[in-house]
Amino acid sequence: QPQRAAAPLLSAADRGVVLYNHGQDDQAEEALQTSLAQDTSAVGQATARYYLALLAERADRPDDALGQYAAALTELEDIAESPLFGEAAWERALLLEALGRTDEAVAAYAGLADAAPGSRRAPQALFRAGFLRFRQGQPADAIFHWTRYMETAPAEETARARFWLAKAALAVGDTA
């Protein structure tokens, strides 16, 4: 219980993350709420909001989770190069997709790639945006996203991009 030491070894946010990782959800939420009050920096607020969103998802409160993800992203909008921005945007888009809110999910995936093109999640976000559009029967939109995906994906994923681009081209009647 480092919080009981004279000088705590962990911040409230760090305690919240550790407790979250150990499945101690109530205690994690309490620590993260404390962190919101103590650390008013953008990164501090975003970190607490991100983990509060994960906790809300775990508790099957998707609307609360979406609100917390949005708050985390708002805190980080001026520092979108932060890895946390990419993670929060990715998790938000995944949740929208899981909820069947496909148009919002596509916008969220594409928005992640636009706002944080250097994020490790950006290429996969573009793939997901294209895949969702392809499943909706909108191959031209899929081509747009997959073309961007091919431009940003690691070299070992270009075959995947070409495969799906070929499928979408066939769907729009481009046999060449």
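Assigning unit charges at the beta carbon (Lys, Arg +1; Asp, Glu -1) and nothing else, what dipole magnitude in debye, to the nearest 20, does the chain show about its Cα centre?
Charge dipole of the chain: 560 debye, to the nearest 20.
Whole-Hz Karplus values for segment 95-100 come out as 5, 4, 4, 4, 7, x Hz, taken residue by residue from phi with 6.51 cos²θ - 1.76 cosθ + 1.60 and θ = phi - 60°; glycine and proline positions read x.
Site pair L99 and N21 shows an inter-label distance of 2.9 nm when each label is modelled 7 Å from Cα along Cα→Cβ. Convex hull volume per residue, computed on the Cα atoms of segment 126-176, equals 60 Å³.
Each Lys and Arg contributes +1 and each Asp and Glu -1, all at the Cβ; summed about the Cα centre of segment 40-143, the dipole is approximately 320 debye.
Compared with the rule-of-thumb size 2.2 N^0.38 Å for a compact globular protein, the chain has a Cα radius of gyration ratio of 1.21.
Percent relative contact order of segment 89-176, based on C-alpha pairs within less than 8 angstrom and at least six residues apart?
Values: 101 pairs, mean separation 18.0, N = 88.
This gives 20 percent for segment 89-176.
State in Å² the accessible area per residue of the chain; use a 1.4 Å probe, count heavy atoms of protein chains only, and round to the nearest integer.
On a per-residue basis, 53 Å².
Taken over segment 42-127, the ratio of Cα radius of gyration to 2.2 N^0.38 Å equals 0.97. When you restrict to C-alpha pairs under 8 Å that are six or more residues apart and normalise by the size of segment 24-87, the relative contact order lands at 28 percent. At a Förster radius of 35 Å, what calculated FRET efficiency corresponds to the Cβ-Cβ distance of S41 and A107, to the nearest 0.05? The formula returns an efficiency of 0.80 here. Can you tell me what percent of all Cα-Cα pairs in segment 76-176 are more than 15 Å apart? When all Cα pairs of segment 76-176 are counted, 58 percent exceed 15 Å.
Packing-based ranking of 69-78, 125-134, 49-58, 163-172 yields 125-134, 49-58, 69-78, 163-172, ordered from highest to lowest mean Cβ neighbour count within 10 Å. Against the longest principal axis of the chain, how steep is helix 102-115, in degrees 0 to 90 to the nearest 10, with axes from Cα atoms? Helix 102-115 and the main axis of the chain meet at about 80 degrees. Treating r as the C-beta distance of T175 and D78 and R0 as 35 Å, the FRET efficiency rounds to 0.15. Under 8 Å for C-alpha pairs, at least 6 residues apart: give me the relative contact order for the chain, rounded to a whole percent. Averaging sequence separation for qualifying contacts and normalising by length gives 11 percent for the chain. Taking all protein chains together and rolling a 1.4 Å probe, R61 ends up with roughly 90 Å² accessible.
Rounded to the nearest 500, what is the 222 nm mean residue ellipticity of the chain from helices alone, with -39500 (n - 2.57) per DSSP H run of 4+ residues and division by all residues?
-23500 deg cm²/dmol, from helical runs alone.
With the charge dipole of the chain set up from +1 on Lys and Arg Cβ and -1 on Asp and Glu Cβ about the Cα centre, the Cα lying farthest toward the positive end among the listed residues F85, V43, A161 is that of A161.
The values are calculated or read from the model by the stated rules, or taken from the named source; none is laboratory data. If you're wondering where the values come from, they're calculated on a predicted model, not measured in any experiment. As a convention, Cβ positions derive from the backbone with ideal geometry for all residues, glycine included, and neighbour counts pool all protein chains shown. What goes into the accessible areas is simple: the full protein's heavy atoms, side chains included, and nothing from ligands, DNA or RNA. Shrake-Rupley method; radii C 1.70, N 1.55, O 1.52, S 1.80 Å.
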